[in-house]
Amino acid sequence: MDHLDGNALAGPLADYFAFDVTEARARCNGCGEVAEFARALVFASPAGTVVRCSSCDHVLATLVEAGERAWLGLSGVSALEVRRA
C-alpha cells in the first residue's frame, strides 16, 4: 500500500488539537527515534489511518473517524513534545 507523509495528519487532527500536530515531535516506542509527526509514514484507508515510524515502521498512532466520533490511539508514542505559545 502506498503511503503519504505525516503532513497528511494536519487536516484530520486539527479538529482534535489546538496546535499543528505535524510540528510536534514524537518518540517512537519501537526504536526510540524522536522526530516530527510530519516525517511519519501515513497509511490512509476507508477503515482508518495508521501512522508508522519512518525509521523502524513501528505503529505510532491510529485514527478512526465515524460520523461525529473519532478514536485516536497513540500507543506507539512514548512522549509527545509540543511548542508552547
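Readers should treat all values here as calculations from the given coordinates under stated rules, not as data from a laboratory. No experiment lies behind these values; they were computed from the predicted model shown. Cβ sites come from the backbone with ideal geometry, for glycine too, and all protein chains shown count toward neighbours.
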* To do: Enumerate the calculated ³J(HN,Hα) couplings along region 6-16 in order (Karplus 6.51 cos²θ - 1.76 cosθ + 1.60, θ = phi - 60°), each rounded to whole Hz, writing x wherever the residue is Gly or Pro.
  => x, 4, 5, 7, 4, x, x, 7, 4, 6, 10
* Mean separation of Cα pairs under 8 Å and 6+ residues apart, divided by the residue count of the chain: what relative contact order is that in percent? -> 27
* **Order of Asp5, Asp57 - criterion: other Cβ atoms within 10 Å of each residue's Cβ, fewest first** => Asp57, Asp5
* Specify whether the C-alpha gyration tensor of the chain places it in the rounded, prolate or oblate class, a ≥ b ≥ c being the square roots of the eigenvalues: rounded for a/c under 1.5, otherwise prolate if a/b is larger than b/c and oblate if not. => oblate
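In debye to the nearest 20, how big a dipole does the chain give about its Cα centre with +1 on each Lys and Arg Cβ and -1 on each Asp and Glu Cβ?
Approximately 240 debye in magnitude.
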* **Residue-averaged [θ]222 nm for the chain, counting only DSSP H segments that reach four residues, each worth -39500 (n - 2.57)** => -1000 deg cm²/dmol
